[in-house]
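The values are calculated or read from the model by the stated rules, or taken from the named source; none is laboratory data. Keep in mind it's a predicted model, so treat the numbers as computed, not measured. In this analysis, Cβ positions are derived from the backbone assuming ideal geometry, glycine residues included, and neighbour counts consider all displayed protein chains. Surface areas here come from the heavy atoms of the whole protein model, side chains and all, with no ligands, DNA or RNA. Shrake-Rupley method; radii C 1.70, N 1.55, O 1.52, S 1.80 Å.
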Amino acid sequence: MSFNVLIVDDSNAMRAVIKKVIGLSGFKMDSCLEAGNGREAMELLSDQWVDVIISDINMPEVNGLEFLDLLKENETLKEIPVIMITTEASEQRMQEAFDRGAKGFIKKPFLPEEIKRVLYEVIGVGSDGQYEEDTRDADEFDF
Amino acid sequence: MGNTKKIQEMLMNSIFDVFEKMFFVFLEPCDEEMKYDLAASIEFSGPVKGNLRAYLSTGIANSMVENMLGLETNEITDKTREDCAKEALNMIAGSFVHKLDAGKVFDLSIPAYEKKAGRFGMESPGNVNLLFDSDGMSLGVSMSFYTEGK
């Protein structure tokens, strides 16, 4: 089983690094879409499906938190798990992101294995490639 | 802003962390004035407000691009140097404010970039100035805190 990933970050360099790291990590990625902010991401999602989104918070036009709100308002898109990847990792900011629907958090700078771990965690797939039921409550996420 | 030494240490650790993890560049602190070819800046606001500026030689910017993006020297452009410099500063600022107070929310501006040459040293304006060397390539980082009202 392989997955379609959308990376949302205003930095071309960071998008390239995340894409490279996902590829090198062994995560089974089918296609990788890229957007420079939340508005561009919503445009892409209007006619393309992805299995997981990795999004920065600090972006121009539509930032990561506003992007979460837009996804939440859409009956179909709200089901897509979103991982926030950001330098702004205060507990309050992370909680704000989780309250708005984020399913995972990666703090920059990151190690490659962290991306792979969080990706599989939010998609609910074990190392054997099979889906695993996520039975955690929101308050069980570690900050 | 009191306790400059502690602030300096936190900033230095943030810089080491970002450069080692994301750019595989290992820095040595130094105090010799440097020549820079490009600069980037970012503002932070929260319980305290201020800005952070990075001054980079072309050499260190090229190393960052090569190591982070896996590009060959002849593939490096001004745009890739700009992207890496801005992202580095964004990560340093985020790491620093987290060390400063992990329980408080800080907002970071979108980083700005200038391709301009100049000199940077310990005596340059700024509350905290740091200089680094990596195999003859130079990096300078300056942090200023805004006083009330700005």
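Points worth noting:
- Using a Förster distance of 41 Å, the FRET efficiency for B:Cys30-A:Arg39 (Cβ separation, nearest 0.05): 0.40
- Within the range A:84-123, the residues that become at least 10 Å² less accessible when every protein chain is included than when their own chain is isolated (1.4 Å probe; DNA, RNA and ligands ignored) are A:Thr87, A:Glu88, A:Ala89, A:Ser90, A:Glu91, A:Gln92, A:Arg93, A:Lys107, A:Lys108, A:Pro109, A:Phe110, A:Leu111.
- Net charge dipole size for the protein assembly as shown [Lys, Arg +1 and Asp, Glu -1 on Cβ; Debye, nearest 20]: 800
- Kirkwood-type hydrodynamic radius, the range B:4-144: 15.0 Å, calculated from all non-identical alpha-carbon pairs.
- Per-residue mean of foreign Cβ neighbours for B:99-112 is 3 (Cβ atoms of other chains, 10 Å radius).
- Electrostatic dipole magnitude of the range B:4-144 [Cβ: Lys, Arg +1; Asp, Glu -1; Cα centre; debye, to 20]: 540
- Volume per residue that the Cα convex hull of the protein assembly as shown spans, once the total is divided by residue count, Å³: 140
- Helix-only [θ]222 nm of chain B, DSSP H runs n ≥ 4, -39500 (n - 2.57) each, per residue, nearest 500: -12000 deg cm²/dmol
- Note on chain A: along the principal axes its Cα atoms extend 40, 32, 32 Å, ordered by decreasing extent.
- Rough spin-label spacing in nm, given labels placed 7 Å along Cα→Cβ, for B:Ala102 and B:Asn3: 1.5
- Positive-pole candidate from B:Thr73, B:Thr4, B:Phe23, dipole of the range B:4-144, charges at beta carbon: B:Thr4
- Where labels lie 7 Å past Cα in the beta-carbon direction, separation of B:Asn13 and B:Glu123 in nm: 3.2
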